[in-house]
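The values are calculated or read from the model by the stated rules, or taken from the named source; none is laboratory data. Given the structure is predicted, the values throughout are model-derived calculations rather than measurements. Here the Cβ positions follow ideal geometry from the backbone for every residue, glycine too, while neighbour counts run over all protein chains shown. Side chains included, ligands, DNA and RNA excluded: accessible areas come from the protein's heavy atoms. Shrake-Rupley method; radii C 1.70, N 1.55, O 1.52, S 1.80 Å.
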Amino acid sequence: MRFVPLIRMAAAAIALTLASSVLAAAHPSIDVVASNWQFTPSTIELHVGQPTKLRLTSSEGVHGLKSDELGIPQTTIVPGTWTTVVVTPQKAGTYVLHCTIVCGAGHPNMTLTVHVVP
Ligand SMILES: [Cu+2]
């Protein structure tokens with residue numbers, strides 16, 4: 001009986017797909033694209049206590065993001081890769097995050113502004 005393993009595999013694949021879509025739906029997600037020398041969008045909004053997935057990539061150059069206050073570990077952002085960080089802000093306010101990797105002339109002004117609202 002070859003069908004049984006096939007059916008089991010199909011069932012497992014469907015279960016996995018459902019589980020990952022449930023996980024994906026669990027947290028809102030924001031895509032941020034780094035380039036020389038900006039983050040796009042340059043301002044995002046998060047909610048206190050609400051876990052949010054930040055999906056980070058670069059269209060140009062290697063950049064970085066980190067925030068002790070927001071609980072974002074040092075994260076390197078490279079072209080061709082999406083790096084995901086889940087952020088759960090604890091305190092309302094405006095946080096200005098600077099690029100953490102020296103990336104050229106515009107590096108000192110390369111910021112991502114995070115508005116954390118209730
Ligand atoms: Cu930089």
Using all Cα-Cα distances in segment 28-117, what percent lands in each 5 angstrom bin from 0 up to the longest? 3, 16, 28, 29, 16, 7, 2, 0
Mind jotting down a quarter of the surface of the convex hull over the alpha carbons of segment 50-102, in square nanometres, one decimal? 3.7 nm²
Lys and Arg at +1, Asp and Glu at -1: neighbours of GLY93 with Cβ under 14 Å from its Cβ sum to -2
Rolling a 1.4 Å sphere over the protein heavy atoms, what is the accessible area per residue of segment 28-117, to the nearest Å²? 49 Å²
